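Report on one structure; see the data block that follows.
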Amino acid sequence: MSYAKPHAGVHPVKHLWNKITVSDLGFSSPTRLENGKLFIHIDELTSLLRSDPNVKDVRLAIARPGESVRIIPVKDVIEPRFSRIPDYPVFPGVLSAWDPDANGILSGEIVSLSGMVVTTVGSIVGFQEGLIDMSGPGARYSLFSQKHHLVVDITVNEGTQRHDHEKTVRMAGFKASDYIARSVLKNPLSAGSHETLVNPEYPGSPGFPKRAGRNGKPRIAYLYMLQTQGLLHDTYYCGVDVKTMLPRRIVPTEVLFGAIVSGNCVSACDKNTTYHQQNNPIILELLRRDGTDWDFVGCVITNENVTLGDKQRSSTMAAELIASFSPDGVIVSKEGFGNPDADLMMNCSKIEEHGIKTVLLTDEFAGQDGASQSLTDTHPKADAIVSTGNANDVIVLPPMKKVIGDDRVITELAGGSNKCLLPDGSVAIELQAIIGSTNQLGFERISSRFK
Amino acid sequence: MAEASPSRKYRVVHYVNQFFGGVGGEEKADCEPFTIEGPQGPGRLLEKRFREGNAEVEIVATIVCGDSYFADHQEKVLRELIPVIRGHHPDLVIAGPAFNAGRYGMACGAICSSLEPLGIPAITAMYKENPGLDQYRKTVLIVESTDTVSGMEDAVRKMVRLGIKRLRGEEIAFPKAEGCFEQGIRKNYFHEEPAYRRAIDMLLRKINGEPFETEYPIPFFDRVEPRPALADLKGVTIALVTSGGIVPTGNPDHIESSSASKYGKYPLEGLTTVDAKTHQSAHGGYDNTYANEDPNRVLPIDMMRKLEKTLGFKVHPWYYATVGNGTSVDNARKFAKEIAVELIRDGVQAVILTST
């Protein structure tokens, strides 16, 4: 397998992850990190982003945890990172040409800024962007309320088509993130916490046969479903639109480098932003406790295409790839809802047919009253489900003192309605509209149960 | 709040059927509704337990109604009883416990469900297979009881505990924790652990064969693939089975008009037709005027006899009938299994299922 190509004879692929904490943001020249405060050179960053011919205007703003601020409509959230591995950049295949099958994944070090994110907003692309409240009741539902945000507000030229608009805003986020990372993380840094993550070795890789074999610990695999319904519901792996791909095994820590990025304008609550992909908690937990509590034997990414033929092919192949790891059990995470429920059930039943146990992560759409069936498809084998909450649940969000972006779009967001504006300026809106509130990678604590 | 006014006496109205109201058993099930002042039957136990729970409760009235009378005149009874109950200005209404008495459970559910929208807290208790449960669980707090009256003490204890909370205006966020049936409504809450950790924990338990509880029980629908059509009916024995409730006149097996607990097996030998004199519909879920006028409309034996000659099949000499009206899936599955065993034993190769 070419992606497991040995690097200087070293196996398995190991990544040292160094995390530098950012505790505040400010604007000043040059872009630098000083005592935990990140300063951003406004002109340098805006002129970089303006180099895209579709961009008409760029505005930068800062939002801090606890402030009375609403960021809306949020397109993507990204954590700035810098790869210290020569020839293996962050956002491989996105900001630079990169072929995972040609080069293999190399061991080495990655540095990230933790505590801050780059958040892209802009006039609405689809109807499915969301909001982040930095304080108030909405803050409890999203991990992003605890982050320092550099908000990049992009206006595109009039007449820009929707797909170009989406791509322009998407790329602006990666460029801004990469700019910050290169500016402050390139030079050696002493402070920061770090950990080493050791990836599983796959059947067929050098060194696999002698290390393979059971040691009495449960063997766990991970099937990572990515939203690929198309029409602005897209995800990219190494720059390739995942709906055009077949399921494949990945080196789990590829996600740290931004190998999977979001091009999604799907409902805010359960789309995986690029931040979610970079920090996939299932992968991290499976790696961190690998060898002590279980053996993490592998990760497969698969798509959620809309045609029945695609669903059947992808689920069959995904199940076979998972089975190639000979796991005892597999975690299956979903992205999006409705149509992907069918993919989830096919993946579940086909994996169980291999005699492998499954646990599924899904959110629910049980109606505002919670009385409807939560999923659009079911299967008797789906007997172990973790619920990440009913996204139709209505929450009242009081007005914020400051709005970054444009809150006039709130009635148009998926989860909003023309009746959601209350006389006192509050909005009664479904959780669906809050970015990441019912995330199906399992970041949050919200769940649902029968009353 | 009770703490703020310890001297406050709560007014409770209690609904019971003819049996617990002291009128009589099944033979008195046609008894019309009437009111007794003060507690009656299980009401005395309720009042006693409330007081032991430091809640000054007085059962101001006991409303009694026969189970059949209620079932046959539900709209009329409710129209009359709701104003009567309101006239007693109750802080709480308790119906039952109904245990596994189907019509009683339906009546308790109907009463509670009518009162809740009026702002009158109302609770009941029944057994998990009582048809009143499926009908009313979403709108009414129903305490789980045993199937027979032997569980009275336990049911009353749980009803009193729940009743005190409702008298004090406490929100019942998760009825299961109060000994009630889940209402089938999904409600969000914050778990102590993030979802990814719960998923891994659940998987480890599943792998190790330890018990685990899914957070979303999948509703399972029994999908039956239709069989391919028979190419040739010659020599084939065909049976008629209906959930449309066509039974011999007088409904000899007393199949319930709703939430059937049984089915019947009746002869077709020598019959060329069924008519209004010999057969009727026992079904309470559709307007059965036309079925009673000509029962062939639901049990098409007349047409079967005609086709029998031209197509050369044989009509099985027995038909099976039940009432598919609010009948639980569990009951329906049980009937089907028993009927299928007999049909196969008797050499039947095809079945025409008629429903309404």
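If you check residue B:315 against the conditions, is it hydrophobic (A, V, I, L, M, F, W, C) and not in a helix (DSSP H, G or I)? Spell out the reasoning first.
Values: hydrophobic (A, V, I, L, M, F, W, C): yes; not in a helix (DSSP H, G or I): yes.
Yes; evaluated as a whole, the condition is true for this residue.
Okay, residues lined up against (1) under 22 Å from residue A:344 (Cβ atoms); (2) modelled with pLDDT of 95 or more; (3) touching a helix residue (DSSP H, G or I) at 6+ places or on another chain (Cβ under 8 Å):
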{"site": "A:175", "(1), (2), (3)": "no, yes, yes"}
{"site": "A:183", "(1), (2), (3)": "no, yes, no"}
{"site": "A:186", "(1), (2), (3)": "no, no, no"}
{"site": "A:194", "(1), (2), (3)": "no, no, no"}
{"site": "A:221", "(1), (2), (3)": "yes, yes, yes"}
{"site": "A:229", "(1), (2), (3)": "yes, no, yes"}
{"site": "A:232", "(1), (2), (3)": "yes, no, yes"}
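Quick check on my filter: what residues within region A:374-405 are over 15 Å from residue A:434 (Cα atoms) and exposed (fewer than 15 other Cβ atoms within 10 Å of the Cβ)?
If the condition is that a residue be over 15 Å from residue A:434 (Cα atoms) and exposed (fewer than 15 other Cβ atoms within 10 Å of the Cβ), then A:376, A:380, A:401, A:402 are the ones that fit.
Would you pick out the residues in region A:326-366 that are of a type outside the set (Phe, Trp, Tyr), over 17 Å from residue A:380 (Cβ atoms), more than 8 Å from chain B (Cβ to nearest Cβ) and in a loop (DSSP other than H, G, I, E, B)?
A:326, A:327, A:334, A:335, A:336, A:338
Considering region B:315-347 alone, what residues qualify as being within 21 Å of residue B:236 (Cα to Cα) and surrounded by fewer than 16 Cβ atoms within 10 Å (Cβ to Cβ)?
Those that are within 21 Å of residue B:236 (Cα to Cα) and surrounded by fewer than 16 Cβ atoms within 10 Å (Cβ to Cβ): B:317, B:340, B:341, B:342, B:344, B:345, B:346, B:347.
Residues of region A:295-322 being buried (at least 23 other Cβ atoms within 10 Å of the Cβ) and assigned to a helix (DSSP H, G or I), which ones?
If the condition is that a residue be buried (at least 23 other Cβ atoms within 10 Å of the Cβ) and assigned to a helix (DSSP H, G or I), then A:314, A:315, A:318, A:319, A:322 are the ones that fit.
Of all the residues that make up region A:218-244, how many are more than 20 Å from residue A:442 (Cα to Cα), touching a residue at least 40 places away in the same chain (Cβ under 8 Å) and in a loop (DSSP other than H, G, I, E, B)?
6
Being more than 22 Å from residue A:63 (Cβ to Cβ), in contact (Cβ under 8 Å) with a residue 24 or more places away in the chain and either of a type outside the set (A, V, I, L, M, F, W, C) or not in a loop (DSSP other than H, G, I, E, B) (or both) is the requirement here; does residue A:165 meet it?
Against the criterion (more than 22 Å from residue A:63 (Cβ to Cβ), in contact (Cβ under 8 Å) with a residue 24 or more places away in the chain and either of a type outside the set (A, V, I, L, M, F, W, C) or not in a loop (DSSP other than H, G, I, E, B) (or both)), residue A:165 qualifies.
Restricting attention to region A:312-331, which residues are free of Cβ contacts under 8 Å to residues at least 60 places away in the same chain and touching a strand residue (DSSP E or B) at 6+ places or on another chain (Cβ under 8 Å)? Steps first, please.
Kept after step one, since they are free of Cβ contacts under 8 Å to residues at least 60 places away in the same chain, are these residues of region A:312-331: A:312, A:315-316, A:319-320, A:323.
Passing the criteria: only A:315.
Looking at (1) away from chain B (no Cβ under 14 Å); (2) modelled with pLDDT under 90, which is the only condition residue A:435 fails?
The number of the failed condition is (2).
Give the residue, chosen from A:290, A:363, A:343, that is in contact with a Lys or Arg (Cβ under 6 Å, 6 or more places away or on another chain) and in contact (Cβ under 8 Å) with a residue 24 or more places away in the chain. Full working, then the answer.
Values: A:290 fails: in contact with a Lys or Arg (Cβ under 6 Å, 6 or more places away or on another chain); A:363 fails: in contact with a Lys or Arg (Cβ under 6 Å, 6 or more places away or on another chain).
Only one candidate qualifies: A:343.
A quick yes/no check of all residues on (1) within 25 Å of residue B:83 (Cβ to Cβ); (2) crowded, with 24+ Cβ neighbours inside 10 Å:
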site: B:107; (1), (2): yes, yes
site: B:140; (1), (2): yes, yes
site: B:155; (1), (2): no, yes
site: B:172; (1), (2): no, no
site: B:180; (1), (2): no, no
site: B:189; (1), (2): no, no
site: B:208; (1), (2): no, no
site: B:212; (1), (2): no, no
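Considering region A:372-407 alone, what residues qualify as being facing chain B (nearest Cβ under 10 Å), in a loop (DSSP other than H, G, I, E, B) and closer than 16 Å to residue A:138 by Cα?
A:391, A:392, A:393
Within the set of pairs 6 or more residues apart or between chains, which connect a residue that is within 7 Å of another protein chain (Cβ to nearest Cβ) inside region B:201-219 to a residue that is assigned to a loop (DSSP other than H, G, I, E, B) and β-branched (Val, Ile, Thr) with Cβ atoms less than 8 Å apart?
Pairs that qualify, where the first residue is within 7 Å of another protein chain (Cβ to nearest Cβ) and the partner is assigned to a loop (DSSP other than H, G, I, E, B) and β-branched (Val, Ile, Thr), are B:202/B:214; B:218/A:378; B:219/A:378.
Can you confirm whether residue A:410 is away from chain B (no Cβ under 14 Å) and either of a type in the set (Asp, Glu) or assigned to a strand (DSSP E or B) (or both)?
Working: away from chain B (no Cβ under 14 Å): yes; either of a type in the set (Asp, Glu) or assigned to a strand (DSSP E or B) (or both): no.
Here the answer is no, as residue A:410 does not meet what is asked.
Could you please let me know if residue B:139 is touching a residue at least 12 places away in the same chain (Cβ under 8 Å), of a type in the set (S, T, N, Q), in contact with a helix residue (DSSP H, G or I) (Cβ under 6 Å, 6 or more places away or on another chain) and in a strand (DSSP E or B)? Write out each step before concluding.
Numbers: touching a residue at least 12 places away in the same chain (Cβ under 8 Å): yes; of a type in the set (S, T, N, Q): yes; in contact with a helix residue (DSSP H, G or I) (Cβ under 6 Å, 6 or more places away or on another chain): yes; in a strand (DSSP E or B): no.
Spelling it out, it is not the case that residue B:139 is touching a residue at least 12 places away in the same chain (Cβ under 8 Å), of a type in the set (S, T, N, Q), in contact with a helix residue (DSSP H, G or I) (Cβ under 6 Å, 6 or more places away or on another chain) and in a strand (DSSP E or B).
Filter region B:103-140 for residues that are of a type in the set (A, V, I, L, M, F, W, C) and within 15 Å of the chain's Cα centre (by Cα) and give the result. Steps first, answer last, please.
Our first condition is that a residue be of a type in the set (A, V, I, L, M, F, W, C); within region B:103-140, this holds for B:106-108, B:110-112, B:115, B:118, B:120, B:122-123, B:125-126, B:133, B:140.
Answer for region B:103-140, where residues must be of a type in the set (A, V, I, L, M, F, W, C) and within 15 Å of the chain's Cα centre (by Cα): B:106, B:107, B:108, B:110, B:111, B:112, B:125, B:126, B:133, B:140.
The values are calculated or read from the model by the stated rules, or taken from the named source; none is laboratory data. Computed from a predicted model, the values in this text were never measured in an experiment. Using ideal geometry, Cβ is built from the backbone for each residue, glycine included, and neighbour counts are taken over all protein chains shown.
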